[in-house]
Amino acid sequence: MVIKVFVATSSGSIAIRKKQQEVVGFLEANKIDFKELDIAGDEDNRKWMRENVPGEKKPQNGIPLPPQIFNEEQYCGDFDSFFSAKEENIIYSFLGLAPPPGSKVTKPPEEESSLPNGDVVGEAQSTTEGTEKAEESGENEAQKEDKEDAGNLAESQEKNEEEGETTTEETEDITKEGAEGEAEEEEAEKGEEEAPGEEDDS
């Protein structure tokens, strides 16, 4: 199958010449086989083009202007249709050709991205939330540890105070015992002193 591009090489319209050059340049750049047919110098080409352009694609005066694109005898479209297909990356479908292997045009625009952006954003958000939660839990654990440490310090202080009270009580007991012992010794000494006096009286 060969793409046929009907052009008017001697057209006096700058707009038409620009459109023809854009179509031809695009086909050459993408290495698409095509045949350029001049309607200005060949009456048969002009007649064939006018007869094969569908009625709904013809202008009001019934004379379609170049460039007009065909795939063999099958009508593809005019410049406006070609331009739209190029912008939408469906040029091969427009021309009725199979896209070359590895071509970006092989994928329709809807399938170009394997994953919708929403899913990717959602995953990123969930990952961020998970990180924040992990940080919060880490902070909570750190706060718990601080509280536990503070509690341990308070307990140790209380124990030290209790031990201090116990020691004080023991010291008081020892002091009392010592005082009682001294009192007994003093009484005994007094008794001994009184004893000789009694003997003298007798």
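The values are calculated or read from the model by the stated rules, or taken from the named source; none is laboratory data. Since the structure is predicted, the reported quantities are computational estimates derived from the model, not experimental observations. Heads up, the Cβs are rebuilt from the backbone with ideal geometry, glycines too, and the neighbour counts pull from every protein chain shown. Side chains included, ligands, DNA and RNA excluded: accessible areas come from the protein's heavy atoms. Shrake-Rupley method; radii C 1.70, N 1.55, O 1.52, S 1.80 Å.
Values as computed for the structure displayed
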quantity	calculated
Sole residue being out of contact with any strand residue (DSSP E or B) (no Cβ under 6 Å at 6 or more places or on another chain), surrounded by 13 or more Cβ atoms within 10 Å (Cβ to Cβ) and among the acidic types (Asp, Glu), chosen from GLU88, GLU73, GLU28, GLU43	GLU88
The stretch 6-23, subset over 16 Å from ILE63 (Cα atoms) and in contact (Cβ under 8 Å) with a residue 40 or more places away in the chain, residue least open to solvent (accessible area, probe 1.4 Å)	VAL23
